[in-house]
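The next block holds one structure in the form of structure tokens; read it before the comments.
The values are calculated or read from the model by the stated rules, or taken from the named source; none is laboratory data. Because the structure is predicted, anything quoted here is derived from the model rather than measured. Here Cβ is always computed from backbone atoms with ideal geometry, including for glycine, and neighbour counts include all displayed protein chains. Surface areas here come from the heavy atoms of the whole protein model, side chains and all, with no ligands, DNA or RNA. Shrake-Rupley method; radii C 1.70, N 1.55, O 1.52, S 1.80 Å.
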Amino acid sequence: MATLYPFSALVGQDEMKRALLIAAVDPSIGGVLVFGDRGTGKSTAVRALAALLPPMKVVVGCPYNCAPSKTAGLCEICSGRKRKTPARSKDAAVPVVDLPLGATEDRVVGALDLERALTQGVKAFEPGLLARAHRGFLYIDEVNLLEDHLVDLLLDAAASGENVIEREGLSVRHPARFVLVGSGNPEEGELRPQLLDRFGLSVEVRTPTDLAMRVEVVKRRDEFERNPSAFVKKWDKEESGLRRSIVGARTRLSRVEVPNAALERAAQLCMRLGTDGLRGELTLVRAARALASLEGMEQLGDDQLRAVAPSALRHRLRRNPLDDTASSTRVERAVAEMFA
Ligand SMILES: [Zn+2]
């Protein structure tokens, strides 16, 4: 396997890195949409993050990578296993599954062999990409060019943590909890506002305009390509530190306190911006809580709300949802007024 560029060595793109870290700490946030220029390291960042995460324990022989320690949210095979015999487990790397634009629905959700079901009475199911992405990341480049019904399916699965396939009275379900990361260029096609709203966070990436930063990007990239293993070794300490903070943040997440004052702040901000529905507020609070946990805080405060507000809200504004600059500016202005 090719050596991956370390996550901590990525220069700049702080908003994207933060959003990915937040999603890694709390996958229920509902995915990250990355809009922006080509060649800004979107796919590199996702792969680097997954590689940074500690390997997962999986049940040997389970096609869905169920966790041996779990008693709920298991596949049909694992939940039917007798409790007395503990499952054999092994380590597996956190998956990053690419969803190509031309993928068929069967390839994405899995295929039920109806003929075998009818002639032999067996439920033959070939798991798809959603099964492979379980407990990991599903990456879609140019998500805005993906057919709407596929995006719908993905967002349904991402929200429910389950993939349900129903064909001719037969049904199969299996766990599919993954972090959906979609990238796209807004100039090449828009996402429907209903779909936009269902992504947890949205971030913008730009080719850096800062001279020093550009120089640093090229310098590190060149150093990495000339000797990948030496480069990885050099960044090993940073990577271990980051890995520890993600693991710690996941454990502490449920204990981070969310005071009423913070909920009120979040609601006020959404009202001021006129976001539709309550999804914006919920995501804002969850993302801020995950960030607080990453920062080792016991309580969610204004700092975290401020930091995540643009990512949680910019794609939910009614007017010009894809006019990035305008939406970002509006969120930033509202944040500045509120937290003045
Ligand atoms: Zn299983």
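Points to keep in mind about this one:
- Within region 71-97, being touching a residue at least 12 places away in the same chain (Cβ under 8 Å), within 16 Å of the ligand (Cβ to nearest atom) and either under 21 Å from the mean Cα position of the chain (by Cα) or open to solvent by less than 80 Å² (accessible area, probe 1.4 Å) (or both) holds for Gly73, Leu74, Cys75, Cys78, Ala87, Ser89, Ala92, Pro95.
- Filter pass, Phe137 being within 30 Å of Ile77 (Cβ to Cβ), hydrophobic (A, V, I, L, M, F, W, C) and out of contact with any helix residue (DSSP H, G or I) (no Cβ under 6 Å at 6 or more places or on another chain): no
Listed here are the residues, each with its yes/no results for (1) under 21 Å from Val97 (Cα atoms); (2) within 16 Å of the ligand (Cβ to nearest atom); (3) in contact (Cβ under 8 Å) with a residue 60 or more places away in the chain.
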site	(1), (2), (3)
Gly169	no, no, no
Arg173	yes, yes, yes
Phe178	yes, yes, yes
Val181	yes, no, yes
Arg192	no, no, no
Arg206	no, no, yes
Thr209	no, no, no
Val217	no, no, yes
Arg220	no, no, yes
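- Meets criteria (among the hydrophobic types (A, V, I, L, M, F, W, C) and open to solvent by less than 70 Å² (accessible area, probe 1.4 Å)) for Leu269: yes
- Tally, over region 36-65, of residues that are open to solvent by 10 Å² or more (accessible area, probe 1.4 Å) and more than 9 Å from the ligand (Cβ to nearest atom): 16
- One residue from Pro68, Pro100 being out of contact with any helix residue (DSSP H, G or I) (no Cβ under 8 Å at 6 or more places or on another chain), assigned to a loop (DSSP other than H, G, I, E, B) and within 16 Å of the ligand (Cβ to nearest atom): Pro68
- Enumeration of residues in region 270-282 that are under 20 Å from Thr329 (Cβ atoms) and within 24 Å of the chain's Cα centre (by Cα): Cys270, Thr275, Asp276, Gly280
- Any hit, region 189-200, residues being among the aliphatic types (A, V, I, L, M) and not in a helix (DSSP H, G or I): yes
- Of all residues in region 152-167, those being touching a residue at least 12 places away in the same chain (Cβ under 8 Å), hydrophobic (A, V, I, L, M, F, W, C) and open to solvent by 10 Å² or more (accessible area, probe 1.4 Å) number 3.
Condition check ((1) over 27 Å from Glu337 (Cα atoms); (2) at pLDDT below 95; (3) of a type in the set (S, T, N, Q)) across all residues:
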{"residue": "Val203", "(1), (2), (3)": "no, yes, no"}
{"residue": "Arg214", "(1), (2), (3)": "yes, yes, no"}
{"residue": "Asp222", "(1), (2), (3)": "yes, no, no"}
{"residue": "Lys237", "(1), (2), (3)": "yes, no, no"}
{"residue": "Ala249", "(1), (2), (3)": "yes, no, no"}
{"residue": "Leu253", "(1), (2), (3)": "yes, no, no"}
{"residue": "Glu257", "(1), (2), (3)": "no, no, no"}
{"residue": "Gln268", "(1), (2), (3)": "no, yes, yes"}
{"residue": "Leu278", "(1), (2), (3)": "no, yes, no"}
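- Filtered residues of region 28-65 (kept if in contact with an Asp or Glu (Cβ under 8 Å, 6 or more places away or on another chain), in a helix (DSSP H, G or I) and modelled with pLDDT of 90 or more): Leu52
- Highlighted here are the helices (runs of 4 or more DSSP H) found entirely within region 204-269 that include at least 3 residues which are acidic (Asp, Glu): 211-226, 236-252.
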